[in-house]
Amino acid sequence: MTPGPEPRLRVIWTDPVTGRKGYAVIDRMVNGLAGGGTRMRQGVSLVEVERLARTMSYKNGAFNLPGGGAKGGLDIDPHDPEARGMLSRYVRAMKPLYRSGWGTAEDLGVTQELLGEVFAEQGVGMTVQAMLDRSGDSKAAGRRVSQGLAIQVEGIGLADCIGGYGVAEAAAACVDQKGWNMHKMRAVVQGFGSMGGSSARYLAKLGAKVVGVVDVNGAVTNPDGLDVEGLLKSRSALGEIDRSSLRSEDRESPGDGWLDIETDIIVPAAVADVISAGNAAQVKARLVVEAANIPTTGDAQRLLFERGVVVIPDYVANGGANAWWWWTVLGVIEADADQAFKHVSKVMRDTVKGMLERAEAKGISPREAANELSMQNLDQLAEKLGEDASEVPLEPVKA
Ligand SMILES: NC(=O)c1ccc[n+]([C@@H]2O[C@H](COP(=O)([O-])OP(=O)(O)OC[C@H]3O[C@@H](n4cnc5c(N)ncnc54)[C@H](O)[C@@H]3O)[C@@H](O)[C@H]2O)c1
């Protein structure tokens, strides 16, 4: 994490039933709002949530979205029978934060459907209620969000597709910039949930050969290319592949060997810090597209940069999902898949191009270039709109 100011607020909560911890961090507020998802993972810590909240601030800045960054985390395995109850109690406890500007959504181990259900049962409205309440016409904005969430794209909800679509577009923008050919490139995706599954889908649609995907149970590989759509159909709600659906030519291997798979592109789309100083030398790919948040440690980023491996930073590469929420609330786009895809494609390609050009011109890494651009945008927004809530309804800001 880039050293910076202290977060605005850190919250540590203890579940009265299980004794387990939950955390929430508001990194900063802009316009009285802060956005960021809620995750469930055994072992999640306050430090992890704080790093993720900071990443969300950068993410909003990168796409000129009028809010600061926040994040929530519950220290429990999403398969645990107590997970749902704990999430419900957590949402109840966090009500003051939702009411004072935190809008949230699905993240690792939490589906949007489950989160929406729990919010409704706790009487908090929608998960982005804070943004709806400031939109000027909360009913119309709420309708757009509900209709958007109901859209299915070839069997997957739009909200679960759009992030991975953006990841693939970010990869394509870099491939074009470098003069490479996507049709001659192989890709490996770690994580096969909302982000990983859709990243694999849209990379394959752009012509890449997806030769490996990894879920919490291990890797599935095929040097001739996997049947991504078949694997997506077999997937559980938590992104786990049903191994009985594999074709005879597909192979299974342990997940921790994922960096050894021969490939040109890797997409970490699961947990934090999976590429570190200890394994950065194993990265064979020339392009790393970070679909997960904070998957590459600072030391590993430096090592990869020295070797000429391009890393598209998390908050740019995976920012399509967050941007889709904001654009839908703000009415920049209607609840329409074509509009969503077109807008994400345009903004992602422009953002990645601008970032890579700046990095090249200044001899700095893409992340350093993106950090500069993103904080500049967010500081300008905070100056114009203020940090705390005003009575002025939200207005779309030029992306
Ligand atoms: N869902 C979103 O809208 C969204 C948006 C932007 C970024 N992200 C980030 O993307 C990442 C994944 O989130 P998601 O919503 O796709 O989660 P998810 O719960 O839908 O899927 C997680 C996937 O990772 C796999 N996994 C879990 N632990 C693993 C491990 N140790 N090794 C390998 N695979 C493992 C799971 O089996 C599953 O396939 C997170 O870092 C999240 O913050 C999510």
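Throughout, read-outs are computed from the coordinates displayed, never taken from laboratory work. Just so it is clear, the model here is predicted, and its values are computed rather than measured. Because the Cβ atoms are built from the backbone with ideal geometry, glycine has one as well, and the counts that use them run over all protein chains shown.
With 0.36 nm allotted per residue and the present C-alpha distance subtracted, the R358-T18 stretch has 117.5 nm of extension available. The ranking of M29, M86, M375, M348 by Cβ neighbour count inside 10 Å, starting from the fewest, reads M375, M86, M29, M348. When only C-alpha pairs under 8 Å and at least 6 residues apart count, what is the relative contact order of the range 9-134, in percent? Relative contact order, the range 9-134: 28 percent. Taking the chain as a Gaussian network of alpha-carbon nodes connected by springs under 10 Å, the highest mean-square fluctuation of the residues V309, V128, V344 belongs to V309. Cα convex hull, the chain: 124 Å³ per residue, rounded to a whole number. Could you state, as a whole-number percent, how many of the C-alpha pairs of the range 157-322 are farther apart than 23 Å? Tail of the P(r) past 23 Å holds 29 percent of the pairs.
Overall, the anisotropy analysis places the range 266-366 in the prolate class: the square-rooted eigenvalues a ≥ b ≥ c of its C-alpha gyration tensor yield a/c not less than 1.5, with a/b exceeding b/c. The average projected area of the range 9-134, computed from the convex hull of its Cα atoms over all directions, is 6.7 nm².
Taking amide H as placed 1.01 Å from N in the peptide plane, the amide H of G69 sits under 5 Å from that of D27, R28, G35, S57, each at least 5 places away or on another chain. Modelled spin labels at Q42 and A237, positioned 7 Å past Cα toward Cβ, are 2.0 nm from each other.
Only Cα pairs under 8 Å and at least 6 apart count here; give the relative contact order of the range 157-322 as a rounded whole percent. Answer for the range 157-322 is 25 percent. The residues W102, W258, when put in order of fewest to most other Cβ atoms within 10 Å, stand as W258, W102.
A simple rule links phi to the HN-Hα coupling: the Karplus curve 6.51 cos²θ - 1.76 cosθ + 1.60 with θ = phi - 60°, which for the range 66-77 gives x, x, x, x, 8, 6, x, x, 10, 7, 7, 5 Hz, with x for Gly and Pro. The order of S198, S365, S236, S45, going from fewest to most other C-beta atoms within 10 Å of their C-beta, is S236, S45, S365, S198. Between D137 and N279, the FRET efficiency estimated from the beta carbon spacing at R0 = 51 angstrom works out to 0.55.
Sequentially through the range 291-296, phi angles give Karplus couplings (6.51, -1.76, 1.60; θ = phi - 60°) of 7, 6, 8, 6, x, 10 Hz, Gly and Pro residues having no value and appearing as x. When you restrict to C-alpha pairs under 8 Å that are six or more residues apart and normalise by the size of the range 1-60, the relative contact order lands at 34 percent.
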